[in-house]
Amino acid sequence: MPEQFLYETLNAVESMGFLKKEIPDSVKLNLNPAYELREYQIRAFARFFHCYKNDFPNKSFPLHFLFNMATGSGKTLIMAGLILYLYEQGYRNFLFFVNSTNIIEKTKDNFLNPASIKFLFNQEITIGNQRVRVNPIQNFEGVNQNEINICFTTIQKLHSDLTTEKENAITFEDFKKHKVVLIADEAHHMSATTQEAMSVIRPTWENTVQTIFEKNSDNLLLEFTATHDYTNPAMVEKYRNKVIFRYDLP
């Protein structure tokens, strides 16, 4: 019998009532109150909180999870909630990347613009009795350690910045010196090397992300996609203990 995916193991844990579906105040009170969390979004959060705090089969560091959730299921709201939760856990630096400039601009608006109809956070963010701001940044040097610092970029620009020396650009050293949460949207675009099952390593987006992720054992890689390949043996092997939640809209 094939080994289970992580989400299947968690399905069993959930069915036995061992997953606490309590949303901490740091998340609940700081997301935009116009968005009432749906039942499956609460389940997605519960799985992350459980796996972040507890052991699970083949848990390894740095932590890497994939949320396989349908288009329209509110993946960006999950990202915003995880940023709030991880800030409370001591993280200050976040890297959001995707393959499309258009998605970057929409996400920046959703994360940074309180006037946007799709703004994801409450008008004021308060965590641990401290007012917290969300700042867009270019790199992680000299950032305010009391705030949420997010670098927004495309996977193409990230690869270029890291492999070509540029002023004020993000560097490999950033991910060694600072613990960083990497958030990949439309993450299926990032797995070309694994999908091709290449025997020869060459500089690719996937290799670049893997390199920066592994620079610090406290780094986190959170992937989000509506499209995940469960048939490719190389993808099955890579993601078996990383797919934390699988959700298709009814």
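The values are calculated or read from the model by the stated rules, or taken from the named source; none is laboratory data. Note that this is a predicted model, so its numbers are computed, not measured. FYI the Cβ positions are ideal-geometry reconstructions off the backbone, even for glycines, and counts take in every protein chain you see. Protein only, heavy atoms only, side chains kept; ligands, DNA and RNA dropped before computing areas. Shrake-Rupley method; radii C 1.70, N 1.55, O 1.52, S 1.80 Å.
Couple of notes before you dig in:
- Karplus-derived 3J(HN,Hα), 6.51/-1.76/1.60, for each residue of the range 19-24, Hz, glycine and proline x: 9, 6, 9, 9, 8, x
- Build a GNM of the chain with springs between Cα atoms under 10 Å apart, and of 169, 12, 44 the one that fluctuates most is 12.
- Sites residue 229 and residue 16 - FRET efficiency at Förster radius 30 Å, r taken between beta-carbons, to 0.05: 0.55
- For the chain, with all protein chains in place and a probe radius of 1.4 Å, 48% of the accessible heavy-atom surface sits on carbon or sulfur.
- Summing Lys and Arg as +1 and Asp and Glu as -1 over all other residues whose Cβ lies under 15 Å from the Cβ of residue 15 gives a net charge of +2.
- Here, the chain yields an orientationally averaged convex hull projection of 14.1 nm² when only Cα atoms define the hull.
- Proximity of backbone amide H atoms, modeled 1.01 Å from N, is registered between residue 127 and 132 at under 5 Å, excluding neighbours fewer than 5 places apart on the same chain.
- Cα coordinate range in the range 1-123, projected on the principal axes (Å, largest first): 50, 31, 29
- Averaged per residue, the chain has 49 square angstrom of accessible surface, using a 1.4 angstrom probe with ligands and nucleic acids left out.
- Taking 0.36 nm per residue of separation and subtracting the Cα-Cα distance, full extension of the segment from residue 113 to residue 3 would add 35.2 nm.
- Once backbone amide H atoms are built at 1.01 Å from N, residue 247 has 68, 69, 70 as its partners under 5 Å, excluding neighbours fewer than 5 places away on the same chain.
- Bridging of residue 108 to lysines at a Cα separation below 19 Å is possible for 75, 118, 157, once same-chain residues fewer than 8 apart are set aside.
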